[in-house]
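Taking it in order: structure first as structure tokens, then the write-up.
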Amino acid sequence: MCWEGSCMQLDTEALLERDLEKKMAEETKILLVEDEKVIRDAVAAYIERERFQVVAVGDGQEALNAFAHDTFSLVVLDLMLPTVQGDEICRRIREKSNVPLIMLTAKSEVEDRIIGLEMGADDYLIKPFSPRELMARVRALLRRSQNQSENAEDRIDFGDLVIDMLGHRVLLYGKDVELTASEFKLLTTLTESPGRVFSRMDLVTKVLGYNFEGYERTIDSHMKNLRAKLEEDSRNPRWLFTVHGVGYRFDIPNDIR
Ligand code: CA
């Protein structure tokens with residue numbers, strides 16, 4: 001039940017929205033790296049059904065070549081591959097890009113998951129998986145990265161501490177600080193909301209993309225490393241604070257406010 005004029009407007013909006021989604025899907029190119037042909041073909045077919053473009057390769061070196069010569073919205077990467085292994089590919093991609101990345105693996109040990117996440121993967125799937133589950137995660141990551149790029153500032157300047165989001169660089173007193181992919185994500189998550197306290201579990205979900213309690217200690221160890229790189233005196237921090245019993249927060253020092 002609605003007034004005719006407003007219904008028409010809603011229809012138009014829905015159509016525009018659908019066109020936009022279709023256009024976005026067509027502009028989304030996914031790199032799929034999987035050496036098992038049966039899985040590669042099945043996943044590629046699912047990706048194409050969503051109207052995404054897909055470049056499917058079965059070998060590590062081919063994957064690196066494809067990544068060097070093309071721009072992708074997302075990477076689906078098998079861990080065990082001929083020529084160059086998935087963790088090495090992931091590490092090399094993360095040296096220059098924040099592209100959303102889902103790792104596939106045949107094993108289910110927690111250690112392997114942590115290896116993938118430490119390497120900078122955003123999500124993880126254990127074989128055998130359903131292509132439908134994979135596509136749900138692909139869509140979730142694409143949405144997340146799109147929201148991030150819409151909201152993200154290219155350069156966040158806290159005076160002594162400058163974060164270059166596009167270049168994936170952090171400058172402290174004008175000097176480059178080498179951060180791992182996880183440390184960079186942890187720092188940028190905290191700096192998005194200065195003063196806000198994040199629980200460890202919040203950070204696990206936001207930084208590692210996982211909802212798993214065992215990873216809370218991983219956050220502590222990333223935080224320890226991040227502090228060692230950014231703070232002159234961890235006991236008397238300038239930027240990164242522990243909120244006992246809760247988690248962590250980033251704050252802007254008084255002399256910069
Ligand atoms: Ca494999």
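A few remarks follow.
- Here His168, His222, His69 are placed in order of increasing Cβ neighbour count within 10 Å, fewest first, which gives His69, His168, His222.
- Shape annotation for the range 152-256: C-alpha extents along the principal axes are 37, 29, 21 Å, from largest to smallest.
- The range 24-93: radius of gyration and largest Cα-Cα distance (Dmax), Å: 11.4, 33
Each value in this text was obtained by applying a stated rule to the coordinates, not by laboratory testing. As the structure is a prediction and not an experimental result, all values here were calculated from the model. All Cβ positions, glycine included, derive from the backbone under ideal geometry; neighbour counts span all protein chains shown.
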